[in-house]
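A quick write-up on the structure given underneath.
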Amino acid sequence: DTKPVPSFKQLKPPRFSGETPLELFLFQFEACAKFNNWAEREKAAHLFTSLHGNAGQILLTAGSAADLRFDDLVEKLRRRFSPAGQEELCQAMLRCRRREKGETLHELSQDIRRLLYLSYPGQDSQMIELLGRDAFLAALDDRDLEIKIREREPRDLDSAFKLALRLETYAKAYEVTSGREVAKAKSARHVRDADEVSELKR
């Protein structure tokens, strides 16, 4: 008896209403299409059914789903949800981004990545990764930490994030250890002071 071949479980594509960044949606959709090994016609059909809300209104002028080309639908979406000037605005936000109080390094790196996609939609190169790395290091707003990371020559945003996380973890561990040693030293000094007072009273 031959065992049945397990069925291939496809990823479900995300939905888009126009309320979230278009380029982020398209990035997620393309990753899903690649995993599912969709042909261009399948991509068009799935993209067609992924639109709802304000984005779904585009379907009224998009024509028949059977005749729709993927690139044509993406172009319609970009004209509607990527207005002129948005890229320049996101690039300015990327340059000015600084770490907020209480913000984790992971949260910061994810937001830098989001702004990077919105600033340079559809672009994927080593130069873009270097721009993301430099934006992340500037956003740390910590000159000493930035220098330590640059000395290790990270090649992209992810490498810079991992180095920052490691160095920050080491620094926090050192602070905890140093704090315990200081507390122990203070306790020992108080004991000595108490002993000296007792000796003087005798």
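The values are calculated or read from the model by the stated rules, or taken from the named source; none is laboratory data. All figures in this text were calculated on a predicted structure; none of them were measured in a lab. Note that we place each Cβ from the backbone using ideal geometry, even for glycine, and neighbour counts take in every protein chain shown. Quick note on the areas: whole protein, heavy atoms, side chains included, nothing else; ligands and nucleic acids left out. Shrake-Rupley method; radii C 1.70, N 1.55, O 1.52, S 1.80 Å.
Does the stretch 58-77 hold any residues that are at pLDDT 85 or above and part of a helix (DSSP H, G or I), and which are they?
Phe70, Asp71, Asp72, Leu73, Val74, Glu75, Lys76, Leu77
Confirm whether Leu167 is open to solvent by less than 80 Å² (accessible area, probe 1.4 Å), in contact with a Pro (Cβ under 8 Å, 6 or more places away or on another chain) and assigned to a helix (DSSP H, G or I).
For Leu167, the condition - open to solvent by less than 80 Å² (accessible area, probe 1.4 Å), in contact with a Pro (Cβ under 8 Å, 6 or more places away or on another chain) and assigned to a helix (DSSP H, G or I) - is not met.
Of all residues in the stretch 91-131, count the ones that are touching a residue at least 12 places away in the same chain (Cβ under 8 Å) and part of a helix (DSSP H, G or I).
Looking only at that region, the number is 22.
Can you work out which of the residues in the stretch 163-183 that are within 33 Å of the chain's Cα centre (by Cα) and of a type in the set (Lys, Arg) is modelled with the highest pLDDT?
Checking each candidate, the answer is Arg166.
Within the stretch 32-44, which residues are assigned to a helix (DSSP H, G or I) and either under 13 Å from Gln10 (Cβ atoms) or open to solvent by 50 Å² or more (accessible area, probe 1.4 Å) (or both)?
Cys32, Ala33, Lys34, Phe35, Asn36, Glu40, Arg41, Glu42, Lys43
Of everything in the stretch 85-110, what is open to solvent by 30 Å² or more (accessible area, probe 1.4 Å), hydrophobic (A, V, I, L, M, F, W, C) and at pLDDT below 90? Give them in sequence order.
Correct list: Leu89 only.
When you look at Phe29, is it within 21 Å of Gln123 (Cα to Cα), surrounded by fewer than 18 Cβ atoms within 10 Å (Cβ to Cβ), among the aromatic types (Phe, Trp, Tyr) and modelled with pLDDT of 85 or more, yes or no?
no
I need a count of the residues in the stretch 114-156 that are open to solvent by 50 Å² or more (accessible area, probe 1.4 Å) and either of a type in the set (Val, Ile, Thr) or over 19 Å from the mean Cα position of the chain (by Cα) (or both).
Of the residues in the stretch 114-156, 9 are open to solvent by 50 Å² or more (accessible area, probe 1.4 Å) and either of a type in the set (Val, Ile, Thr) or over 19 Å from the mean Cα position of the chain (by Cα) (or both).
Starting from the stretch 155-179, take each residue that is free of Cβ contacts under 8 Å to residues at least 24 places away in the same chain and list its partners that are among the β-branched types (Val, Ile, Thr), counting only C-beta distances under 6 angstrom and pairs at least six apart or across chains.
Short answer, once both residue conditions are applied: Leu163/Ile149.
Only one of (1) within 21 Å of Asp156 (Cα to Cα); (2) surrounded by fewer than 18 Cβ atoms within 10 Å (Cβ to Cβ); (3) touching a residue at least 60 places away in the same chain (Cβ under 8 Å) is not met by Ser82, so which one is it?
So Ser82 meets the others, but not (1).
Return the total of residues in the stretch 97-106 being more than 19 Å from Ser159 (Cβ to Cβ) and in contact with a helix residue (DSSP H, G or I) (Cβ under 9 Å, 6 or more places away or on another chain).
Final tally of qualifying residues: 3.
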